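The structure appears right after this line, and notes come after that.
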Amino acid sequence: MSEAAVAGGDWRKSIAQSYRSGQVRSIAEELATFEPGASADSKKMLAMKFEDSIFKAASSMDDYRKIIDKKINKLKKHYAKKGGVDEENKDLIREKELLFQKAIRDEYSAKLIYIAKHADRAVQVTRMTSGEQKAKVLKDHCDSLKKRALQLGVQIDGEAPLPRLNHDMAFLTQLKASLDTIVDTVRSHVVKVEDANLFLEEQLDSADKKLLNSKNSNILRKALQDAADADNSTQQLTTDQMKLLTDLMNVPSPIPRRNQDADQVRAALSRIEKMRASTQAILTYCGLTAEEKTSFPGSLKKCSAILKENLLALGKDHSYLFEDVEEKDEDGNPIIKLEDSWNKHLQYADETVVQSAAAVDDDDITAEDEPANKRQKTDEDTSTPPAETNRMVISARVLLTPGRKLISKLIPELKKKSAVLIKNGTVSSIRMEFGTAFEMTIYFKPLLVTIRAMNKEAAATTSPIRDITALSGGIQWPSLHQGLNAGEITDNNTSHVSVLGVTGTRATLAPIIAKQLEYASAQATHVLRKCFAATVNGKTSSSESDFGIEIAETSALIKFMKIVRSTYHNGKWVDVED
């Protein structure tokens with residue numbers, strides 16, 4: 001149906017009956033809260049008449065939803081003001097208050113229990129990632145909600161129940177308004193730390209609801225259409241296409257017979273096809289009008305679930321099929337691709353142990369109070385306070401600092417790792433190249449790593465790095481996606497690039513790739529600083545000489561380069577010998 005027809009008053013024909021039924025259920029539940037002893041089923045007929053009258057009177061889908069919300073909020077204010085009953089009988093008033101308190105408890109108990117159960121870990125992770133101030137704010141909110149939960153009669157493991165207070169309707173209404181404002185926000189922070197999959201599902205649900213707003217849908221629809229036109233794409237943003245993709249997503253994958261490679265290949269290809277259909281379905285769904293989206297409720301979460309299911313299945317049951325088809329060079333080594341820079345995560349060897357220990361420690365327990373058998377053992381002084389052992393270093397103290405001569409031990413190690421030293425006046429950095437895909441630059445004041453795409457044509461015409469020291473023509477800071485400039489030129493004189501099996505214009509893909517490279521650079525910077533932190537933790541600068549510090553920092557740099565080469569070369573890197 002055309003947008004003109006929808007605007008002309010035929011918008012009702014595009015609304016799925018399942019969407020209207022959901023609105024009726026929601027209205028019935030709201031109406032039931034206004035009458036003691038009432039249930040959603042007893043209010044269903046009234047809710048149907050209520051919804052139908054609004055549906056007939058509304059001028060658009062947005063107007064329909066706006067009128068429903070407005071009338072429900074008006075009823076809430078009316079009953080809150082009058083206490084829900086017109087009679088002055090104290091018993092009836094008290095009954096209404098108890099029922100309202102029970103309704104609040106039933107609505108929020110599961111969320112409050114989840115917050116209370118995982119609050120401590122969420123606070124400690126927030127402290128490590130965002131600082132003490134944000135951790136304190138989150139802890140205060142969690143403690144306040146835990147107290148409210150106990151007062152409402154919610155049972156929380158490990159907490160003694162508090163006596164229920166005889167709150168009047170005005171207080172309960174104010175309490176519910178406060179919970180409406182803060183509970184979902186606090187729970188979202190806790191869920192993000194505790195269960196990433198649940199957090200993603202809830203965010204997709206929220207996005208789905210926002211896309212039912214005509215204004216939001218129209219903006220996104222236009223942006224997708226403009227992008228498709230720029231790429232000369234034939235992607236169809238229609239309900240028929242969405243139905244086709246939904247059917248493809250739900251096709252059962254064939255069950256392979258044992259020891260039958262051909263069956264395994266067919267099963268793997270079937271899962272890949274379902275993943276392709278899921279990704280296209282997300283794009284198509286986002287390009288539908290708000291009215292058309294009501295025919296495909298929860299599509300974002302469904303597509304995400306299918307993608308996750310098939311990705312896990314491919315990794316678990318079919319991974320061996322992809323080993324032989326991996327692109328390799330003439331020597332049989334895997335070819336490094338640009339996407340390897342962010343798909344292969346650099347990991348500091350001891351990071352998992354340190355983080356997990358920090359995540360479960362109680363902030364109120366000091367090193368002196370902690371039992372000796374629970375303290376983490378290290379090769380260094382075990383009496384070092386935790387704050388000192390987790391110290392992060394953001395700058396080299398001696399190594400390659402201005403005015404410092406190059407330590408002789410570093411030159412042969414750089415050659416082994418095929419790294420080159422770059423000097424810009426008094427500033428030194430180290431560059432490492434990874435095939436013709438990307439390059440990494442390491443800085444020392446501050447400790448910083450940048451990963452940039454390489455110009456494949458330029459890389460192919462230059463000789464391999466031979467001199468360990470090179471002079472650049474000046475300080476430059478090019479874009480992270482600088483190497484994407486040289487792409488395939490099509491008939492319409494548009495530069496195209498291919499990444500992760502996706503081909504598109506440079507204007508479309510470059511900003512996305514730049515974000516991925518920014519993430520990869522941040523992860524590499526984190527690992528570099530962890531390596532250098534090992535040269536400081538448990539030691540005092542007054543007890544060390546500059547030469548000793550330089551030796552330790554050189555070892556940290558060598559360790560980092562070893563991690564980098566091992567990660568991006570799949571553990572098959574062999575040092576280059578003279």
task = State yes or no: is Ile394 modelled with pLDDT of 50 or more, part of a loop (DSSP other than H, G, I, E, B), open to solvent by 30 Å² or more (accessible area, probe 1.4 Å) and β-branched (Val, Ile, Thr)?
result = yes
query = Quick one: how many residues across segment 275-317 are of a type in the set (D, E, K, R) and open to solvent by less than 20 Å² (accessible area, probe 1.4 Å)?
reply = 2
request  = Look at segment 446-460 and say how many of its residues are modelled with pLDDT under 85 and surrounded by fewer than 19 Cβ atoms within 10 Å (Cβ to Cβ).
outcome  = 6
query = Scanning for something assigned to a helix (DSSP H, G or I), closer than 30 Å to Thr289 by Cβ, among the polar types (S, T, N, Q) and at pLDDT 85 or above, does segment 67-85 turn up at least one residue?
reply = no
query = Among the residues of segment 544-560, is there at least one that is crowded, with 16+ Cβ neighbours inside 10 Å and at pLDDT below 65?
reply = no
ask   = How many of the residues making up segment 253-280 are closer than 14 Å to Leu307 by Cα and of a type outside the set (D, E, K, R)?
value = 10
remark   = Residues of segment 47-63 being surrounded by 14 or more Cβ atoms within 10 Å (Cβ to Cβ) and assigned to a helix (DSSP H, G or I), in sequence order, are Ala47, Met48, Phe50, Glu51, Ile54, Phe55, Met61, Asp62, Asp63
ask   = Is it true that some residue in segment 414-433 is open to solvent by less than 60 Å² (accessible area, probe 1.4 Å), part of a strand (DSSP E or B) and more than 25 Å from Tyr568 (Cα to Cα)?
value = yes
request  = Select from segment 126-144 the residues that are among the hydrophobic types (A, V, I, L, M, F, W, C) and open to solvent by 30 Å² or more (accessible area, probe 1.4 Å) and write down the one among them that is modelled with the lowest pLDDT.
outcome  = Met128
message = I'd like to know if segment 152-165 contains one or more residues that are part of a helix (DSSP H, G or I) and surrounded by 19 or more Cβ atoms within 10 Å (Cβ to Cβ).
response = no
query = Does Leu307 qualify as being assigned to a loop (DSSP other than H, G, I, E, B) and closer than 26 Å to Ala16 by Cβ?
reply = no
key: Hits in segment 267-299 - residues which are in a loop (DSSP other than H, G, I, E, B) and aliphatic (A, V, I, L, M)   = Leu288
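Yes/no per residue for (1) assigned to a loop (DSSP other than H, G, I, E, B); (2) in contact (Cβ under 8 Å) with a residue 12 or more places away in the chain; (3) open to solvent by 40 Å² or more (accessible area, probe 1.4 Å); (4) of a type in the set (Gly, Ala, Ser):
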residue: Phe171; (1), (2), (3), (4): no, no, yes, no
residue: Gln174; (1), (2), (3), (4): no, no, yes, no
residue: Val186; (1), (2), (3), (4): no, yes, no, no
residue: Leu204; (1), (2), (3), (4): no, yes, no, no
residue: Lys210; (1), (2), (3), (4): no, no, yes, no
residue: Thr234; (1), (2), (3), (4): yes, no, yes, no
residue: Leu237; (1), (2), (3), (4): yes, yes, no, no
residue: Arg257; (1), (2), (3), (4): yes, no, yes, no
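The values are calculated or read from the model by the stated rules, or taken from the named source; none is laboratory data. As the structure is a computational prediction, the values presented were derived from the model and not from experiment. Here the Cβ is made from the backbone with ideal geometry for all residues, glycine too, and neighbour counts use every protein chain on show. Accessible surface areas use protein heavy atoms only, side chains included; no ligands, DNA or RNA. Shrake-Rupley method; radii C 1.70, N 1.55, O 1.52, S 1.80 Å.
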